[in-house]
């Protein structure tokens, strides 16, 4: 966008228009600004060329469907988490570092470095620091 505002480019080429903006409103605002700057916008996979009148007319359709798809996915994930909680099943990343608290403290007492503790136990250095900070 900086290059477009400086009039350094004539056209922006993207693989898919939904990769350009985070939402339909974001994409449309950007496309409106590009049009005002006289910069073209072409999406290769959607055969969308906003330098033409028909291309501008169809501009919002792929973005609308991409945003709809993201919202459906988000709803499904939330419903899955809610169902898992309701059934008492665990969800999220498996606990690894919290199962090794005693080993972390033992190795630290032996004056082993945080990096070495993490390597030996197969956990992250941040996890080691967090465990040791809790005491």
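Bear in mind that the values in this text are calculations on the coordinates, not laboratory data. This one's a predicted model, so the numbers in the text were calculated from it and none came from an experiment. A quick note on method: Cβ atoms are made from the backbone with ideal geometry, for glycine too, and the neighbour counts reach across all protein chains shown.
Quick look at the numbers
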item: Exposure proxy ranking, count of Cβ atoms within 10 Å, fewest first, for 115, 17; result: 115, 17
item: Residue-averaged [θ]222 nm for the chain, counting only DSSP H segments that reach four residues, each worth -39500 (n - 2.57); result: -17500 deg cm²/dmol
item: Label point 7 Å beyond Cα of residue 96 along Cβ direction - residues of segment 120-135 with amide nitrogen under 12 Å; result: 120-128
item: Rounded to 10°, Cα long-axis angle of helix 60-86 versus longest principal axis of the chain; result: 20 degrees
item: Angle between the chain longest axis and helix 125-134 axis [Cα atoms, degrees, rounded to 10]; result: 50 degrees
item: Between helix 24-37 and the chain: long-axis angle, C-alpha atoms, 0 to 90°, nearest 10; result: 50 degrees
item: Sorted by Cβ neighbour density within 10 Å, fewest at the top, the residues 20, 15; result: 15, 20
item: Space enclosed by the convex hull of the alpha-carbon atoms of the chain, per residue, Å³; result: 195 Å³
item: Förster radius 41 Å - calculated FRET efficiency between residue 33 and residue 105 (Cβ-Cβ, nearest 0.05); result: 0.15
